[in-house]
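The values are calculated or read from the model by the stated rules, or taken from the named source; none is laboratory data. The structure displayed is predicted, hence computed values, not measured ones. Here the Cβ positions follow ideal geometry from the backbone for every residue, glycine too, while neighbour counts run over all protein chains shown. In case anyone asks, the SASA skips ligands and DNA or RNA and just uses the protein heavy atoms, side chains included. Shrake-Rupley method; radii C 1.70, N 1.55, O 1.52, S 1.80 Å.
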Amino acid sequence: MTTPTYVPGHGLLKDRAVVVTAAAGAGIGGATARRCLEEGARILISDAHERRLAASAAELEKEFGADRVAALPCDVTDEEQVRALYALGVERFGRIDVAVNNAGLGGTADLVDMVDEQWDRVLDITLNGTMRCTRAALRIMREQGAGVIVNNASVIGWRAQKGQSHYAAAKAGVMALTRCAALEAAEFGVRVNAVSPSLAMHPHLVKVTSAELLAELTRREAFGRYAEPWEVANVIVFLASDYSSYMTGEVVSVSSQKA
């Protein structure tokens with residue numbers, strides 16, 4: 001089955017100020033940053049990889065204008081860097097309307113052979129990093145009385161996969177964090193949701209995942225193909241937009257996996 005035609009922007013995020021983490025490169029974060037710009041937003045992108053971040057920012061500035069694009073390196077395991085990122089968003093745009101918390105780290109290791117450092121690294125980036133970014137955004141949005149947070153979870157938070165106990169635990173934690181934060185944030189007019197992708201293909205995934213596993217995961221998809229990162233970004237934009245105004249605490253599957 002062929003990939004659907006790329007959908008043009010419709011101004012769903014016109015003049016919104018959006019922060020996207022792990023947005024350098026060709027993955028979901030990069031696709032989300034581009035999709036938000038196409039929908040009229042102003043964006044602040046971050047990533048722990050400074051060279052790739054600078055290249056991504058330069059490309060987006062050239063296409064959409066330097067007045068709509070800002071960038072700041074950020075390691076989501078560092079609380080000071082997280083605070084600095086969201087503070088820059090307010091300084092640059094006057095407010096933060098949308099926070100897309102995309103940073104995460106995977107890996108493959110059977111639990112019996114896993115060492116604490118492997119477990120801790122995945123949990124600190126994927127779950128604790130999402131918590132730090134959600135907390136920083138909520139503190140700003142509480143004062144505004146408005147805002148939207150979209151976290152990136154994974155179908156692995158629901159479904160078992162060999163060698164993924166650390167990543168699955170982290171993503172299940174992101175889902176639980178999203179639901180609890182949503183109840184708290186509703187009191188001050190902020191929505192918190194998450195997307196749960198299965199297999200969205202990008203160059204980094206190819207480097208860290210065996211061809212055999214990618215082929216097997218692709219076969220499990222109902223459409224017989226993997227998702228393009230922009231297909232996940234489309235759902236993130238929907239959750240960030242006014243079209244989802246009554247949705248909060250939801251984890252939306254972006255997947256056609258049959259099992």
* Structure fact -> Per the filter on segment 62-81, residues in contact with an Asp or Glu (Cβ under 9 Å, 6 or more places away or on another chain), farther than 18 Å from Val98 by Cα and not in a loop (DSSP other than H, G, I, E, B) are Phe64, Pro73, Gln81
* Structure fact -> Out of (1) closer than 18 Å to Met131 by Cα; (2) touching an Asp or Glu at 6+ places or on another chain (Cβ under 8 Å); (3) modelled with pLDDT under 95; (4) of a type outside the set (Lys, Arg), the one Gly25 does not meet is (1)
* Among the residues of segment 73-121, which ones are open to solvent by 60 Å² or more (accessible area, probe 1.4 Å) and of a type in the set (Val, Ile, Thr)? -> Thr108, Val112, Val115
* **Selection from segment 217-238 of residues that are open to solvent by less than 60 Å² (accessible area, probe 1.4 Å), part of a helix (DSSP H, G or I) and modelled with pLDDT under 75** => Leu217, Thr218
* **Every residue from segment 140-156 that is touching a residue at least 12 places away in the same chain (Cβ under 8 Å) and surrounded by fewer than 21 Cβ atoms within 10 Å (Cβ to Cβ)** => Ile140, Arg142, Gln144, Gly145, Ala146, Val155, Ile156
* Could you please find all residues in segment 28-69 being of a type in the set (Gly, Ala, Ser) and buried (at least 21 other Cβ atoms within 10 Å of the Cβ)? => Gly29, Gly30, Ala31, Ala33, Ala41, Ser46, Ser56, Ala57
* Within segment 157-169, track down each residue that is at pLDDT 95 or above and either crowded, with 23+ Cβ neighbours inside 10 Å or not hydrophobic (A, V, I, L, M, F, W, C) (or both). => Ser165, His166, Tyr167
* To do: Might you check whether a residue that is part of a helix (DSSP H, G or I), within 19 Å of the chain's Cα centre (by Cα) and small (Gly, Ala, Ser) occurs anywhere in segment 88-104?
  => yes
* Structure fact -> Over segment 8-48, the set of residues touching a strand residue (DSSP E or B) at 6+ places or on another chain (Cβ under 8 Å) and part of a loop (DSSP other than H, G, I, E, B) is Leu13, Asp15, Arg16, Thr21, Ala22, Ala23, Ala24, Gly25, Gly27, Ala41, Ala48
* Determine the pairs where a residue that is in contact (Cβ under 8 Å) with a residue 12 or more places away in the chain, located within segment 85-108, has a partner that is open to solvent by 40 Å² or more (accessible area, probe 1.4 Å) and not acidic (Asp, Glu) with Cβ atoms under 6 Å apart, the partner being 6 or more residues away or on another chain. => Leu85/Leu72; Leu88/Leu72; Phe93/Arg42; Arg95/Gln144; Asp97/Arg16; Val98/Arg16; Gly106/Tyr167
* Scan segment 239-259 for residues that are of a type outside the set (S, T, N, Q), surrounded by 17 or more Cβ atoms within 10 Å (Cβ to Cβ) and part of a helix (DSSP H, G or I) and report the count. => 2
* **Positions within segment 56-83 being of a type in the set (A, V, I, L, M) and either within 16 Å of Thr134 (Cβ to Cβ) or touching a residue at least 60 places away in the same chain (Cβ under 8 Å) (or both), in sequence order** => Val76, Val82
* **Qualifying positions in segment 1-51 - acidic (Asp, Glu) and over 13 Å from the mean Cα position of the chain (by Cα)** => Asp15, Glu38, Glu39, Glu50
* Structure fact -> Exception for Leu214 within (1) open to solvent by less than 10 Å² (accessible area, probe 1.4 Å); (2) modelled with pLDDT under 95 falls at (1)
